[in-house]
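Below: the structure, in structure tokens.
The values are calculated or read from the model by the stated rules, or taken from the named source; none is laboratory data. In this text the structure is predicted, and so the values were computed from the model without any measurement. No Cβ is skipped: glycine too gets one built from the backbone with ideal geometry, and neighbour counts run over all protein chains shown.
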């Protein structure tokens, strides 16, 4: 293992020891404060083209587990941590984090003063970063010249439809780079699931006779997606119970006339209290968004705000006044993170049961 | 009848210190009293512990009385409080309230509101058998258990469940431990102890779960069922070693997110079912092989675990609890301005590792020639603990060990070389207090991680970490003077002292070498958001990284060196002394800095000092802080002779709090020992009080002092450099005008606390004011007419707690309860 460097677009350099892949990579830098679930975080496709900084001091103690994949081929661009454990203590003891990252061409750096880095990011805001062998001018030139794709969903969403059969309700999931946690939650409820590419048209979806439709999580800015996606949302929400999650929530807001704001501080973690407006209950839920629906842009004749992050006051949930359609910015599949958000999935199934009323 | 608004709260204290009871309860209580004062709520406190700082808070109601149902009844009659809060009194408070609740004539629940728990839950907590049944009804997995009313009954149950079984008393007088019984012989012994401890003469026999992993979570819940996880800890040692004797890690390392979240939800369900408002610590045993868990303990009160979590995360747990317990929703909790707004609602996250390391009394007792059993089991043997904070497991562990043994002699890597192979294996299977050293030695001898995991049931992850420490030590040993290895060693928490030992050098040269190569510590803040939110922080720990967040507090700061882990004879009293010194300095306008590492210490109460360093107290650790802070003054306990010398050699102004290196012996059975206690201001001595000491009891009587004074005994010539509190110990009270066979020494810390409470004058505060030249005219007047002043209590005694040493330590003979004091209570006789 040799010394490697994390360099930021603002010119700062952090030195540590490389693990995982030896590749030189570029990505947006983002920090996550969750203390468990490193595997779920790294394999979450919202981190496409991102370099993830863990504030948890140590990760990797449990190795790689068969039941903690949020995607099989992760597309993050780096993992930055203070201390990585190169052990595998799960049942098969086959794969550790180091080997896993090598296999997926993701470089990691351990031994970084991640607290200093996070405090710096808090001051300077989101930016590009690179993992390199030498932090010389050339490396910074390369970083500054790098243009990261805005077609992130295309890079991670399924191009083909596939089933996840079950014996219960029929659920269609429109995939923008979905977390497998969503599928696991649906399996728990015996749903008969079909995952469809986001380019699908309304008729194809309806031809599957779905009891409900989910617009999945995914990476990037939804405004980079084609208009057809918003049209699909508008047509489906009138016809079937519908849930938007993460990117799907942002699409739901945009499709219903709201606009997005870039969050001054992206929050990635599981420890913010989110208030369920109607009950006043506080939920702790996994979050990881760079954008939020602008509360001043919400057309209250159409949408109701259902959830608010108490810490940064960002809109975390919306519901349509006329249709059985709603959305949450956080990840109700809770992988990783607290389980109280899974009640959102229960709500979708309650809607399915009562949909005749609509 | 529930009153509409709570205006006055009665808080029950924890009583005398004992195994499993340090200063954590008083620490919580002091913060809660402060929070209530700010809300305009009056508080009344009852406790009998002379080391209670809560009892000395001005402008509140204080009752220095034994915590009994009778006394509490009387206080309720006098004070008419609106509510009673047992969470600062641990299981003692729960038991006493249990007695009050069954008192049919008193109608407790009609008189006031019970805070934190309801009546049903209080009764369940007092009765493990009923609690287990209730948990089972709720669908929570518990070990199979049954209540037995007699020894015969117990044997029937044990045969039904099958050996090994655990035995625990119902409604124990104190925090009682589970005992494991493998066969009828050990069951017989365990039953004897357990029946003796039970108020109801009942015991619970339960299925043994030795070897599983132990995880504890601290949860907060408000009246609207908002639950929050404050923190979670993982024991490195498996179930079978008492949680207080285990090495404990937070944040949890070896659980998958899924395993972890399941326990979190189970804890929330339990909080809801038991309708707990406030804090609870819930312990689980986890079996990763079968993917199952058991609930093993529920403590809806402050304890060492919640204290650890609060210190580790920087979350203002006691302040938030104060609000939540009187019915304020989590969302509406107001915190002092030093905290980020809404901090109360954020689930704490950590960017550092905290390891708690137990401190055992075996060495001290064996030095006195008494053999004790070193084997760890379900009965607590540790008497104190330290925490190490770092950015890796290795660093946190090294710092915790160093804090526990500040003369790292007992942790030298060579100490195990001579251990025969058979003994090594025996000790691996039957762990003792030295197991970390033993494991490192086993790794050194070539045992594999797999083998050790199998023998010890310790998670492989931690064994890999120990192997890394072993490799680091080996690298250092083989490369004297090598900077790269020194850098590595320091990055992973090895101290200058340890490296010096490995290099057969001295710490000063190692420190010099490190400094010459820019190897200086960086201090990081302890705050609950892991860097996400800006916060005004006052708590720090050291590591060796890029950014240093701590800057000099001020030109005229005072650094106080704490007393570290509790030890036999010298636990809570040291905590009381340090906290009082801090408080007095602050009152006199000094900026204060505390260095300490005991998670239960009073001195680490948030905001008691302006700045806290949670650090080991080896000379190097102290010097590093001294160099950064450049304090105008350092205050050090007198038993830290090497540290004092080192500070003075560097020209640092140092004040020594008089203290003997070892705790003095008490008188033998049947003998008296008298002491005249003096305040010495550097020139003159002033006689404060006389004590009459017999085994297990220290008496103070104003009338005896009067008689002594009339004899006009000349004051002894003080030969001490520092002003302070000293005593002349005499085998009998002199009849002649000179003292023969006497011995002058600093007054033991515990007796200072006793004297303060009894005379109603805080002598320690006067001493501190004298040190910093802030004696008031009132102080001077007081000293001038000392013989005439009246005491708060005329006759009183300090009585050793009836700690069951035999049960915990199995010493070969009785222990001297002065030298090996575990806890005392103060009794007012007139």
Practice item. Inspect the stretch B:529-541 for any residue being within 14 Å of chain A (Cβ to nearest Cβ), assigned to a loop (DSSP other than H, G, I, E, B), touching a helix residue (DSSP H, G or I) at 6+ places or on another chain (Cβ under 8 Å) and loosely packed, with under 15 Cβ neighbours inside 10 Å and give the result as yes or no. Key: yes
Review point. When you go through (1) surrounded by fewer than 21 Cβ atoms within 10 Å (Cβ to Cβ); (2) not in a helix (DSSP H, G or I) one by one for residue B:167, which number turns out not to apply?
Key: (1)
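Could you pull out the residue among B:243, B:194, B:190 that is under 30 Å from residue B:802 (Cβ atoms), more than 11 Å from every other protein chain (Cβ to nearest Cβ), free of Cβ contacts under 8 Å to residues at least 24 places away in the same chain and within 28 Å of the chain's Cα centre (by Cα)? It would help to see each step written out before you state the result.
Values: B:243 fails: free of Cβ contacts under 8 Å to residues at least 24 places away in the same chain; B:194 fails: free of Cβ contacts under 8 Å to residues at least 24 places away in the same chain.
Just one listed residue meets the conditions, B:190.
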Check your understanding: So is residue B:815 crowded, with 22+ Cβ neighbours inside 10 Å and part of a loop (DSSP other than H, G, I, E, B) or not?
Key -> yes
Check your understanding: Which condition number in (1) modelled with pLDDT of 95 or more; (2) part of a loop (DSSP other than H, G, I, E, B); (3) within 12 Å of another protein chain (Cβ to nearest Cβ); (4) more than 24 Å from residue B:313 (Cα to Cα) is the one that residue A:23 fails?
Key -> (3)
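Answer with yes or no whether residue A:177 is part of a loop (DSSP other than H, G, I, E, B), modelled with pLDDT of 95 or more, away from chain B (no Cβ under 14 Å) and within 30 Å of residue B:255 (Cα to Cα). Let's see the steps before the verdict.
Numbers: part of a loop (DSSP other than H, G, I, E, B): yes; modelled with pLDDT of 95 or more: yes; away from chain B (no Cβ under 14 Å): yes; within 30 Å of residue B:255 (Cα to Cα): yes.
Against the criterion (part of a loop (DSSP other than H, G, I, E, B), modelled with pLDDT of 95 or more, away from chain B (no Cβ under 14 Å) and within 30 Å of residue B:255 (Cα to Cα)), residue A:177 qualifies.
Could you say whether any residue in the stretch B:403-425 is in contact with a strand residue (DSSP E or B) (Cβ under 6 Å, 6 or more places away or on another chain), within 24 Å of residue B:304 (Cβ to Cβ) and more than 14 Å from chain A (Cβ to nearest Cβ)?
Let us first name the residues in the stretch B:403-425 that are in contact with a strand residue (DSSP E or B) (Cβ under 6 Å, 6 or more places away or on another chain), namely B:403-404.
Subset that is within 24 Å of residue B:304 (Cβ to Cβ): B:403-404.
Of the ones still in play, those that are also more than 14 Å from chain A (Cβ to nearest Cβ) are B:403-404.
Yes, the stretch B:403-425 contains a residue that is in contact with a strand residue (DSSP E or B) (Cβ under 6 Å, 6 or more places away or on another chain), within 24 Å of residue B:304 (Cβ to Cβ) and more than 14 Å from chain A (Cβ to nearest Cβ).
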**Study point:** Count of the stretch A:101-122 residues which are surrounded by fewer than 22 Cβ atoms within 10 Å (Cβ to Cβ), in a helix (DSSP H, G or I) and more than 14 Å from chain B (Cβ to nearest Cβ)
**Key:** 2
Point to revise | Condition broken by residue A:301, with the remaining ones in (1) away from chain B (no Cβ under 14 Å); (2) more than 20 Å from residue A:37 (Cβ to Cβ); (3) at pLDDT 95 or above; (4) not in a loop (DSSP other than H, G, I, E, B) satisfied | key: (4)
Revision key, fill the gap. Taking the stretch B:446-468 and keeping only residues that are assigned to a loop (DSSP other than H, G, I, E, B) and touching a residue at least 24 places away in the same chain (Cβ under 8 Å), one is left with B:457, B:458, B:459
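Per-residue answers, yes or no, for (1) at pLDDT 95 or above; (2) within 30 Å of residue A:205 (Cβ to Cβ):
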| residue | (1), (2) |
| --- | --- |
| A:86 | no, no |
| A:91 | no, no |
| A:102 | yes, no |
| A:129 | yes, no |
| A:164 | yes, yes |
Exercise for review: Please specify each residue of the stretch A:35-62 satisfying the condition of being assigned to a loop (DSSP other than H, G, I, E, B) and in contact with a helix residue (DSSP H, G or I) (Cβ under 7 Å, 6 or more places away or on another chain).
Suggested key: A:36, A:37, A:48, A:49, A:55, A:60, A:61
Review point. Applying the selection to the stretch B:349-364, what residues are more than 22 Å from residue B:491 (Cβ to Cβ) and within 14 Å of chain A (Cβ to nearest Cβ)?
Key: B:349
Revision key, fill the gap. Only one of (1) closer than 18 Å to residue B:457 by Cα; (2) crowded, with 22+ Cβ neighbours inside 10 Å does not apply to residue B:277, and that is (1)
Check your understanding: Within the stretch A:251-282, which residues are farther than 23 Å from residue A:42 by Cα, more than 14 Å from every other protein chain (Cβ to nearest Cβ) and in a strand (DSSP E or B)?
Key -> A:260, A:261
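Which of the following residues is buried (at least 24 other Cβ atoms within 10 Å of the Cβ) and touching a residue at least 24 places away in the same chain (Cβ under 8 Å): A:257, A:253? Reasoning before the result, please.
Numbers: A:257 fails: buried (at least 24 other Cβ atoms within 10 Å of the Cβ).
The unique qualifying residue is A:253.
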Review point. Among the residues of the stretch A:341-351 satisfying the criterion of being within 14 Å of chain B (Cβ to nearest Cβ) and under 18 Å from the mean Cα position of the chain (by Cα), which is nearest to residue A:288 (Cα to Cα)?
Key: A:341
Check your understanding: Which of the residues spanning the stretch B:250-289 are in contact (Cβ under 8 Å) with a residue 60 or more places away in the chain and within 10 Å of another protein chain (Cβ to nearest Cβ)?
Key -> B:250, B:251, B:253, B:254, B:288
Study note, to complete from the structure: Counting only helices (runs of 4 or more DSSP H) wholly inside the stretch B:74-160, the ones holding at least 3 residues that are in contact with a strand residue (DSSP E or B) (Cβ under 8 Å, 6 or more places away or on another chain) and more than 22 Å from residue B:192 (Cβ to Cβ) are B:90-101, B:128-137
Review point. Looking at residue B:567, is it surrounded by fewer than 22 Cβ atoms within 10 Å (Cβ to Cβ), modelled with pLDDT under 95 and outside the structural domain of residue B:319 (by TED's automatic domain parsing)?
Key: yes
Check your understanding: Given the residues B:335, B:424, B:330, which is the only one that is touching a residue at least 60 places away in the same chain (Cβ under 8 Å), surrounded by fewer than 24 Cβ atoms within 10 Å (Cβ to Cβ) and touching a helix residue (DSSP H, G or I) at 6+ places or on another chain (Cβ under 8 Å)?
Key -> B:330
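Picking from A:51, A:72, A:41, which residue would you name as being under 16 Å from the mean Cα position of the chain (by Cα), more than 10 Å from chain B (Cβ to nearest Cβ) and buried (at least 24 other Cβ atoms within 10 Å of the Cβ)?
Working: A:72 fails: buried (at least 24 other Cβ atoms within 10 Å of the Cβ); A:41 fails: more than 10 Å from chain B (Cβ to nearest Cβ).
Sole residue among the options that is under 16 Å from the mean Cα position of the chain (by Cα), more than 10 Å from chain B (Cβ to nearest Cβ) and buried (at least 24 other Cβ atoms within 10 Å of the Cβ): A:51.
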Study note, to complete from the structure: Within the stretch B:215-231, the count of residues that are in contact (Cβ under 8 Å) with a residue 60 or more places away in the chain and within 8 Å of chain A (Cβ to nearest Cβ) comes to 4
Point to revise | Residue count, the stretch B:250-272 (criterion: over 28 Å from residue A:310 (Cα atoms) and either touching a helix residue (DSSP H, G or I) at 6+ places or on another chain (Cβ under 6 Å) or crowded, with 24+ Cβ neighbours inside 10 Å (or both)) | key: 2
Check your understanding: If we keep just the residues of the stretch B:40-57 that are in contact (Cβ under 8 Å) with a residue 60 or more places away in the chain and part of a helix (DSSP H, G or I), which is surrounded by the fewest Cβ atoms within 10 Å (Cβ to Cβ)?
Key -> B:56
Exercise for review: Among residues belonging to the stretch B:96-130 that are at pLDDT below 95 and farther than 20 Å from residue B:72 by Cα, point out the one that is surrounded by the fewest Cβ atoms within 10 Å (Cβ to Cβ).
Suggested key: B:130
Review point. Does residue A:285 satisfy the criteria of being within 14 Å of chain B (Cβ to nearest Cβ) and more than 20 Å from the chain's Cα centre (by Cα)?
Key: no
